[in-house]
Amino acid sequence: MNPPATRHDVERFRSAIVEHIGLHFEDAKLPFLDEVLKRRIGRLSCETACYLSKLADAPQQDELAALAQELTINETYFFRHNDQFNALAAVALPDRMRAREPLRTLRLLSAGCASGEEAYSLAIVAQETIADPSWNVTIRAVDLNPTVLEKAAQARYSAWALRETPAEIKHKWFQTDRRELVLDDRVRGAVQFDQANLASDDAALWQPAAYDVIFCRNVLMYFAPEQMRAAIARIAASLAPGGYLFLGHAETLRGISDDFHLCHTHDTFYYRRKEELSPTQPRRDRITPIGAAKTAPAIFPATQSTAWVDAIQAASERVATLISAKGKNPPPPRSTAWRLAPALDLLRHERFGEALNHVRSGPPETKDDPDVLLVEAVLLAQDGQLTAAEEACQRLLLIDGLNAGAHYVRALCREHAGERARAMEHDQLAAHLDPTFAMPRLHCGLLSRHAGDRESAHRELAQALLLLKREDVSRLLLFGGGFTRDALIALCEAAIADCGGRP
């Protein structure tokens, strides 16, 4: 009789899943993995040690597929987050058609396609958008789970799977067969379904510059950090220059890749691949699920007995953890003889001119350092030099287009220029890029309240209040406008009360 799996066995099982499928499970999920392990061993009638050794060293594709079926959630529906399909139709497809005009061929990929709703939604959008029959549009859809791929190939769905589908689309592209809706053959023929593992370096799937658009939504957020970085690198390489990547609403590339520009249209975020890929380099962060991000490690010591100058010195050594990953040509490390600490200390005392002089007196190699540019932009904004602050932000965004702090400073500048809609757009960009960043939420909430949109104001302010309570001290120093944490919390609570809510 096979003895029960030990904690060590389950941890070996978890490690093999990470390595071969990419999925990461916290310790709280170990009991669940224990149950899955028991089912697989029972189904295969093998010893635990033998199974784990094979899984670690030479796993069969069929076994990985069976595990994917056990470990993943495949619930989806047509036109899920329809704002992204609107951006696909209005921006991505027309842009890629201009780029592909000589060949008149477009290739799209649905990565992690589950039972096919996303891939078929892409096909419908392509049919609706591209009226010229001389264009050849192919859509490849891949998933590791063969069961959902079989369902996708049948193209038969319940009414619940079409709950967000516009009525005119439903009537045009589906026929009723008893209690099911059957997809039109013209759409079915545009999609090719294949079994593939997104955690694997599959040369056939990830051909260089092969795709014009990739949808990979709500998949990578479940990957372990290293597998996530590797998958994003493969996606970037397989997209044509200027191609588009659509992630889930709860996913961001901040700190994970320098290969994309962030786009924001049609009330949604998506990415456009840069013309040239960045050199491979280690990344600091991972894709962060919105609302589930852990608090960043404190830059300042928590003890009140620590001298301010020591705390600010520590902040200068680690301020880069607040800022997105460097651009593709990062400058040399700044001289140890020159630090941001004095500038940050002067900022605390609202001596902005002196702080600016110090920042600008650094060695030549610091001129294009993202850390320095961000501090300079903040100081300029605090000193009322808003045009110069925006220019500093623009220089920074040319180096690091996913820098949340730069977008927040631009939001402040746009508000002062009377462009509140543009200000809110930059706040939304900053909040998307860094879901732990409290200030853009607070600013967006205040702008919404000023515009009379109490519902949006209450939503943003409530999120800001949660984030302020665990916001990093140094980020409050940089972006808090001289207010303490308690003062910002009080401001947030008062604004929520003014919107008719409770903190």
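Every read-out reported here was derived from the displayed coordinates using simple, explicitly stated rules and does not represent laboratory data. Being a predicted model, the structure only gives us computed values, none of them experimental. Every residue, glycine as well, gets a Cβ built from its backbone with ideal geometry; the counts of neighbours run over all protein chains shown.
Simple point charges give the picture: +1 on the Cβ of Lys and Arg, -1 on the Cβ of Asp and Glu, and for region 425-486 a dipole about the Cα centre of about 200 debye.
For the listed peptides 403-413, 341-351, a ranking on the average number of other beta carbons within 10 Å per residue, highest first, reads 403-413, 341-351. Along the axis of the charge dipole computed for the chain (Cβ charges of +1 for Lys and Arg, -1 for Asp and Glu, origin at the Cα centre), the listed residues Asn136, Cys499, Gly243 are led at the positive end by Asn136.
Over 31 Å apart at the Cα level, from the set Lys29/Lys151; Lys38/Lys469; Lys54/Lys151; Lys274/Lys367; Lys151/Lys172; Lys29/Lys170, are Lys38/Lys469; Lys29/Lys170.
For the chain, find the longest principal axis of its Cα atoms and tell me its angle to the long axis of helix 420-433, 0 to 90°, nearest 10. Taking the Cα atoms of the chain, the angle to 420-433 is about 60 degrees. At an R0 of 60 angstrom, the distance between the Cβ atoms of Lys469 and Ser134 translates into a FRET efficiency of 0.55.
Using the per-residue mean of other Cβ atoms lying within 10 Å as a proxy for protection, in what order, highest first, do the peptides 449-461, 364-376 fall?
Highest mean packing first, the order is 364-376, 449-461.
With Cα atoms defining each centre, region 355-407 and region 426-471 are spaced 23 Å apart in the structure.
The amide H of Asn218, built 1.01 Å from its N in the peptide plane, has Gly248 as neighbours under 5 Å, considering only residues 5 or more places off or on other chains.
Packing, taken as the mean count of other beta carbons within 10 Å per residue, orders the peptides 110-118, 44-52, 353-361, 464-472 from highest to lowest as 110-118, 464-472, 353-361, 44-52. Please work out the Cα center distance from region 474-503 to region 113-151, rounded to the nearest Å. Comparing the Cα centres of region 474-503 and region 113-151, I get a distance of 46 Å.
Extension gain for Asp83 to Arg39 (0.36 nm times residue separation, less C-alpha to C-alpha distance): 11.8 nm.
Of the options (i) 102, 71, 42; (ii) 74, 55, 40; (iii) 71, 62, 50, only one is Cα extents along the principal axes in Å as computed from these coordinates, and that is (iii). Phi angles of region 370-383 translate, via the Karplus equation with coefficients 6.51, -1.76, 1.60 and θ = phi - 60°, into HN-Hα couplings of x, 4, 5, 4, 5, 4, 4, 4, 4, 4, 5, 5, 5, 8 Hz per residue; Gly and Pro are given as x.
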